[in-house]
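Beneath this line is the structure, given in structure tokens, with notes to follow.
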Amino acid sequence: MRLLQRRPLTTAVLMAGLMFAMPVVHASAAQVETCKTATTLALNLGLMRGHLLVAADLFEAGHYELAQRHSKHPAEEVYQELLPALARFELPEFAAELNAFANVLAEGGPAGSRFQDRYAELRAAMNAIETQLPLQAAQQNSVAYELAKQAAYEYSVGVAEDGRVTDLQEYQDAYGFVTVAKAKVESEAAAAPVTDGASMTQRFNVALGLWPTLMPAAPLQVSSEGLKTLLSAMSDAGMDRSGCD
């Protein structure tokens with residue numbers, strides 16, 4: 001303050017300073033908004049991957065009707081939520097690949113290589129989109145955390161305290177989300193190792209023990225504490241932060 005009193009700034013200098021500062025503030029806000037939009041898009045892609053992974057596993061196991069149910073949600077709901085962000089980043093849509101995959105599942109019988117081809121094409125289209133997003137490791141880890149958190153919620157809906165599976169589809173969805181979250185964390189750890197990376201993988205493996213099968217015929221003899229422990233470890237590692245602040 002004393003320096004300002006000794007050498008008062010003229011109005012012209014003050015205005016010049018404000019004019020210079022304003023774009024910086026706006027650029028920062030725009031960067032935060034871009035970061036949040038990219039992260040949300042990555043999360044929706046992750047949720048879609050989880051649904052599709054379960055659909056693919058069930059289809060290959062011969063549970064064709066259930067596989068169709070899991071493919072309908074990303075095709076009819078999640079995909080629509082992606083469109084504004086795809087347009088924002090000028091990224092291609094992938095409705096054709098998604099519909100081709102859904103059509104194979106809708107046939108309701110063994111599809112052999114056609115199923116594998118359509119699934120590979122769909123995943124390749126989604127991978128191409130995600131690699132073009134402005135995502136840092138912190139954002140990817142936050143997406144993994146949100147996926148794991150959603151899995152914990154859906155598992156609590158799908159499985160009663162006594163181990164009875166009360167909502168099979170929610171139980172299965174939760175498996176897909178944890179599997180995708182694990183792949184994200186391991187991918188980021190390989191690209192840029194994080195503290196406690198090995199034990200994080202171990203915690204994911206423990207959590208995945210909650211799904212001894214996607215089609216349980218009897219009450220599960222497992223405890224959901226594995227998911228709580230996983231979320232706690234991810235939070236301790238800072239993965240619950242958005243990476244956009």
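Please treat every number below as a calculation from the coordinates, not as lab data. Computed from a prediction, not measured in an experiment: that's the story for all the values here. Neighbour counts are summed over all protein chains in view; Cβ atoms, including those assigned to glycine, are modelled from backbone coordinates with ideal geometry.
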Exercise for the section: Calculate one ³J(HN,Hα) per residue across the range 167-180 by plugging θ = phi - 60° into the Karplus curve 6.51 cos²θ - 1.76 cosθ + 1.60, and present them in order as whole Hz with x for glycine and proline. Expected result: 9, 4, 5, 5, 4, 6, 4, 4, 4, x, 5, 5, 4, 5
Practice task
Please order THR229, THR40, THR131 by the number of other Cβ within 10 Å, starting at the fewest.
Solution key: THR131, THR229, THR40
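Report the relative contact order of the range 33-109, percent, no decimals, based on alpha-carbon pairs under 8 angstrom and at least 6 residues apart. Mind dumping the intermediate values first?
Details: 55 pairs, mean separation 26.3, N = 77.
After rounding, I find 34 percent.
Please arrange LYS182, LYS149, LYS36 by counting, for each residue, the other beta carbons lying within 10 Å of its beta carbon, fewest first.
Fewest to most other Cβ atoms nearby, the residues stand as LYS36, LYS149, LYS182.
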Practice task
Express the Stokes-Einstein translational diffusion coefficient of the range 136-245 in µm² s⁻¹, to the nearest whole number, given a Kirkwood radius over alpha-carbon pairs, 20 °C and a viscosity of 1.002 mPa s.
Solution key: 153
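Which net charge results when you count Lys and Arg as +1 and Asp and Glu as -1 among the other residues whose beta-carbon is under 13 Å from that of MET215? Can you show the working numbers first?
On the way: positive: none; negative: ASP57, GLU60, GLU65.
Counting the neighbours of MET215, the net charge comes to -3.
In a shell of Cβ-Cβ distance under 12 Å around GLU146, excluding GLU146 itself, what net charge do Lys and Arg (+1) and Asp and Glu (-1) give?
Details: positive: LYS149, LYS184, ARG241; negative: ASP240.
For residues surrounding GLU146, the net value is +2.
How much FRET efficiency would the formula 1/(1 + (r/R0)^6) give for GLU77 and GLU121, where r is the Cβ-Cβ distance and R0 is 25 Å, rounded to 0.05?
On the way: r = 21 Å, r/R0 = 0.85.
Given R0 = 25 Å and the Cβ-Cβ separation, E is 0.70.
Quick one: GLU130, GLU225, GLU90, fewest Cβ neighbours within 10 Å first, how do they rank?
Details: GLU130 17, GLU225 11, GLU90 7.
By the 10 Å Cβ count, ascending, the order reads GLU90, GLU225, GLU130.
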Exercise for the section: Just tell me which lysines come within less than 18 Å, Cα to Cα, of LYS228; anything on the same chain fewer than 8 places away is out. Expected result: LYS149, LYS182
Practice task
Find the all-direction average of the projected area of the Cα convex hull for the range 38-134, expressing the result in square nanometres with one decimal place.
Solution key: 5.3
Practice task
Pop a pseudo-label 7 angstrom from the Cα along the beta-carbon direction at both PHE89 and LEU214 and give the gap in nm to one decimal.
Solution key: 2.7
Problem - Distribution of pairwise C-alpha distances over the range 79-180, 10 Å bins, in % - result: 13, 29, 38, 19, 2
Problem - Spin-label model distance (nm) - THR166 vs GLU107, 7 Å beyond Cα toward Cβ - result: 3.9
